[in-house]
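The structure appears below as structure tokens.
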Protein chains: 4
Amino acid sequence: MADVSYTKQGSALLLVDPYNDFLSEGGKLWRPVEAVAREVGLLDNLRAVTAAARKKGIRIFFVPHHRWEPGDYERWAHPSPDQLASGKRQVFAKGTWGGEWHVDFLPQPDDVVIKEHWAQNGFANTDLDFQLKQHGVDRVILIGMLANTCIEATGRFAMELGYQVTLVKDATAAFSRDRMHAAHELNGPNYAHAILTTCELLAALAEVA
Amino acid sequence: MADVSYTKQGSALLLVDPYNDFLSEGGKLWRPVEAVAREVGLLDNLRAVTAAARKKGIRIFFVPHHRWEPGDYERWAHPSPDQLASGKRQVFAKGTWGGEWHVDFLPQPDDVVIKEHWAQNGFANTDLDFQLKQHGVDRVILIGMLANTCIEATGRFAMELGYQVTLVKDATAAFSRDRMHAAHELNGPNYAHAILTTCELLAALAEVA
Amino acid sequence: MADVSYTKQGSALLLVDPYNDFLSEGGKLWRPVEAVAREVGLLDNLRAVTAAARKKGIRIFFVPHHRWEPGDYERWAHPSPDQLASGKRQVFAKGTWGGEWHVDFLPQPDDVVIKEHWAQNGFANTDLDFQLKQHGVDRVILIGMLANTCIEATGRFAMELGYQVTLVKDATAAFSRDRMHAAHELNGPNYAHAILTTCELLAALAEVA
Amino acid sequence: MADVSYTKQGSALLLVDPYNDFLSEGGKLWRPVEAVAREVGLLDNLRAVTAAARKKGIRIFFVPHHRWEPGDYERWAHPSPDQLASGKRQVFAKGTWGGEWHVDFLPQPDDVVIKEHWAQNGFANTDLDFQLKQHGVDRVILIGMLANTCIEATGRFAMELGYQVTLVKDATAAFSRDRMHAAHELNGPNYAHAILTTCELLAALAEVA
């Protein structure tokens, strides 16, 4: 694993899909992620990492999934299996509680909210790369949901675009333990420059001048 | 899983990284993939699928990894772990046997050879999307190496770009069985429109007019 | 110039920035474009082309510029001269009449509204390419504002992505005649597959089955 | 115009298409550019700017157009007018003198040679953005050919990607004076952060620490 470091200007925290449907009791996808989320201490870790980033002046970029609306995907040639499934359940539906930010993860004035991504990759069809460049960022730390879908797709592509990539394996969750294992033990080591625990990340952030 | 179909004009076969270093006895990465490759019948399946595609007039796009050269990655800010590791071993070195196509998978006059990708995603920093468009393709079938790295990165992004994606789980290989499982059972179903065996794909291609 | 044709499925009309600030008396940019707009018959031509497209079932994609909001560009490393200038004048300001669609160009249920672009190129940092692919489009007709900025930037890049590009030289306008000349006589012929008058386009669309 | 500055690490010189066919007596496109090239002092200015960049340690990125090969564009759905025209004349033909670098502009060991672009935009379908990121560049200076085609297409898109863009109006040329005027007086001011003479650029580079 490469020797990574973080800087106030050059680093960014990418907070992926912090919606009620993912993170809150009663959310449409809370039940399937609950076991892993509780096991790793997800909510506490997300709170700790976002607080540490704010304290150090490391900017937070919200990287949100498309909020479902009536008519979505209906006339598309090739909607993905995930789009069809989440469309059917109206996950992250626009104008509903499930599609709102979890109350502990609301954008603050200095944060940047990226355009919604249609699938899993927060760079695809959005302004994420552009906004990172305009803010002088070349290092990204990814937290949020899910480890093997949006986090992995965004992290893989961040590397393809030339960014330094840090994964935080207990500040994310997935529908099963083997999906976590795939994300952090099998695939992550091929593209991520660092795969840390929240504890390790907090220690590294404490060093930022 | 979506109901997929193939057409002579709209479909393309993406043959990823068919280098000697991956596919031939004595190749630098043959030993780590050999067990899985033999178990799934990789070489025979690659031969069968490419032959069937040619017979039906479905165009083959070669999607090659960067061939290593001296100096690679040395002045880069954030080379990936894979780039550093394969650079150290000079995998797919330019001008060597390891960086040549396996003798059974040589480009033919009607094939298209895409620019080399620097990491895992055959679309990133190349003309793959452009060439697919110029050839009227909206459906891609991915075969070659490795299931959880280049094939997965390219397939995930093909979906993000709007293509219909087919994976062929015994026309690829990986460094371990659990990497194959991650690619085809855990991650593939989230983005791929079809995950077939070679046998199933050959049957579907036989239907192409 | 290439021999172009249009089809119901494969063609799309890209309507760029049909905001009150550009197209309506009292709009912030109406005065600088008024002379050219009146000379070419802009509004009537935009109405005629959009009506013809709807009649033939050719889908309309709205390609909107970013709507200005307080704070825009303030912390960016390299805002463009246009961004700084239009930010200062609050052009297309969110929640104001100037940033609303001109009343004759409101999205209809079958239209697609693309994410807002930050600068001039409707593909950059948006889902335009993705939505065109999901709707099976490989040919784009560009109308709207301005001939040498957003229309040209979007048309140039459409060609780079593999699309067939049609410009309509009297269904756009610019701040001066020489900018129109530059767009349609000097630069357009290098990248556009057809540069038509509204009259010629309507005749071609009348042939669409 | 914005207040721009240059730094050794963050700035790059993009040298676009320095082929014999463009820059040398007897090149296929030399005759049409000769009048403007002589008027602005093109060759001397290109030599002065590249020498100054090398002296200051500002890295040079070669941004080359596709070298023509037999079969090019033949099976493409939508080749551009420029591709068809230059294909017919076999401009920049691979393996010929016309497709070689002008003898005064040969890549040196520290330079980066980007993948060939298919049309006008040096970022499209290439690794230019990726290589700029891996070298820590956020400011680009564009010189070479032609002012209103490859230079303009690359400069416009550099801005869309978040880079600071400098044009050098006498270190480029075009097929006519009005094309130069269009590039530097009509279009450039909308997207470029600075439009300098060679003299002004050399003075600015002399300040680089």
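Every read-out reported here was derived from the displayed coordinates using simple, explicitly stated rules and does not represent laboratory data. What you see is a predicted model, and the numbers here were worked out from it, not measured in a lab. So basically every Cβ, Gly included, is an ideal-geometry build from the backbone, and we count neighbours across all protein chains shown.
Run the paramagnetic zone check for A:CYS199: 7 angstrom along Cα to Cβ, then residues of segment A:40-63 with backbone nitrogen under 16 Å.
What the label zone holds, given the 16 Å backbone N cut-off, is A:40-42, A:44-46, A:48-49.
Segment D:1-57: which GluC sites (Glu not before Pro) are DSSP loop and have at most 14 other beta-carbon atoms within 10 angstrom? Before the final figure, lay out the partial values.
Numbers: sites: D:GLU25, D:GLU34, D:GLU39; in loops: D:GLU25.
Answer by residue number: D:GLU25.
Would you mind listing the distances between the D:LYS8 label point and the same position in each other copy? Use 7 Å along Cα-to-C-beta, nm, one decimal, shortest first.
2.5, 6.2, 6.5
Could you tell me which GluC sites (Glu not before Pro) in segment C:152-209 are loop residues by DSSP with no more than 15 other beta carbons within 10 angstrom of their beta carbon?
On the way: sites: C:GLU152, C:GLU160, C:GLU185, C:GLU200, C:GLU207; in loops: C:GLU207.
Here the sparse-neighbourhood loop sites are C:GLU207.
Give the separation of the Cα centroids, segment B:11-61 to segment C:8-38, in Å.
The two parts, judged by their Cα centres, are 52 Å apart.
Semi-axes, largest first, in whole Å: what does sqrt of 5 times each Cα gyration tensor eigenvalue give for chain A?
Working: eigenvalues 131, 67, 59 Å².
The answer is 26, 18, 17 Å, longest axis first.
Shortest first and in nm to one decimal, what separations exist between D:PRO107 and its copies in the other chains, measuring from label points 7 Å along the Cα-to-beta-carbon line?
Spelled out, the distances from D:PRO107's label point are 1.7, 4.1, 4.4 nm.
Per-residue mean of other chain beta-carbon atoms within 10 angstrom of the beta-carbon, peptide D:112-123? Walk me through the numbers before you get to the answer.
Working: counts 1, 0, 1, 6, 2, 2, 8, 9, 7, 6, 0, 3.
For this peptide, the per-residue mean of nearby foreign Cβ atoms is 4.
Quick check on the protein assembly as shown: take the gyration tensor over C-alpha atoms, sort the square-rooted eigenvalues as a ≥ b ≥ c, and tell me if it's rounded (a/c under 1.5), prolate or oblate. Can you show the working numbers first?
Details: a/c = 1.30, a/b = 1.20, b/c = 1.08.
The shape class here is rounded.
Please find the FRET efficiency linking B:ARG75 to C:GLU74, where r is the Cβ-Cβ separation and R0 is fixed at 35 Å, and quote it to the nearest 0.05. All intermediate terms of the calculation are to be shown ahead of the outcome.
Working: r = 34 Å, r/R0 = 0.96.
Rounded to the nearest 0.05, the efficiency is 0.55.
Using +1 at the C-beta of Lys and Arg and -1 at the C-beta of Asp and Glu, which of D:LEU161, D:VAL137, D:PRO81 has the Cα lying farthest in the positive direction of the dipole of segment D:40-172?
Of the candidates, D:VAL137 comes out farthest on the positive side.
Sequence-distant or interchain residues sharing an amide H contact under 5 Å with A:ASP127, placed H: which?
Sorted by chain and number, the residues that satisfy this are A:LYS115.
Quick one: pull the percentage of alpha-carbon pairs in segment B:1-118 with a separation above 17 Å. Kindly include the intermediate steps, with their values, before the conclusion.
Details: 4273 of 6903 pairs.
Here the long-distance tail beyond 17 Å is 62 percent of all Cα pairs in segment B:1-118.
Per-residue HN-Hα couplings for segment D:132-148, Karplus 6.51 cos²θ - 1.76 cosθ + 1.60 at θ = phi - 60°, whole Hz, x for Gly and Pro?
4, 4, 5, 9, x, 8, 10, 9, 10, 10, 9, 9, x, 10, 9, 3, 9
Angle, helix C:150-161 long axis vs. longest principal axis of chain C, Cα atoms, 0 to 90°, nearest 10?
Compared with the principal axis, the helix lies near 50 degrees.
What are the semi-axes of the equivalent ellipsoid for segment A:114-203, taken as the square roots of 5 times the Cα gyration tensor eigenvalues, largest first, in whole Å? Present the calculation step by step, with values, prior to reporting the outcome.
Numbers: eigenvalues 86, 47, 25 Å².
Ellipsoid half-lengths, sorted descending, are 21, 15, 11 Å.
Helix C:30-40: angle to the longest alpha-carbon principal axis of chain C, degrees 0 to 90, nearest 10?
Its long axis makes an angle of about 20 degrees.
Taking a label point 7 Å out from Cα toward Cβ, give me the nm distances from B:ALA35 to the same spot in the other copies, shortest first, one decimal.
Once sorted, the set of distances for B:ALA35 reads 2.7, 7.3, 7.8 nm.
With charges only on Cβ, +1 for K and R and -1 for D and E, what is the dipole size of chain D about its Cα centre, in debye, rounded to 20? List each step's numbers first, then the result.
On the way: 21 positive and 26 negative charges, 33 e Å.
Dipole magnitude for chain D comes out near 160 debye.
Please report, in cubic angstrom per residue, the volume enclosed by the convex hull of the alpha-carbon atoms of segment C:57-127.
Expressed per residue, the convex hull around the Cα atoms of segment C:57-127 is 105 Å³.
To the nearest Å, what is the center-to-center distance of segment A:191-209 and segment C:137-183, using C-alpha atoms only?
47 Å
Quick one: compute the contact order of chain A, relative version, from alpha carbon pairs under 8 angstrom and 6+ residues apart, as a percent.
Values: 388 pairs, mean separation 62.1, N = 209.
Relative CO of chain A lands at 30 percent.
Let me have the relative contact order for segment D:82-206, percent, based on Cα pairs under 8 Å that are six or more residues apart.
On the way: 145 pairs, mean separation 22.6, N = 125.
Normalised by residue count, the contact order of segment D:82-206 is 18 percent.
To the nearest 0.05, what FRET efficiency results for C:ARG89 and A:ALA206 with a Förster distance of 35 Å applied to their C-beta separation? Numbers along the way, then the final one.
On the way: r = 45 Å, r/R0 = 1.27.
Plugging the Cβ-Cβ distance into 1/(1 + (r/R0)^6) gives 0.20.
Since chains C and A are linked by a rotation, which residue in C has the beta carbon closest to its axis, and how far is it in Å?
C:LYS115, 3
Can you list residues from other chains, or at least 5 along the same chain, whose modelled amide H is less than 5 Å from the amide H of A:ALA173?
A:ALA147
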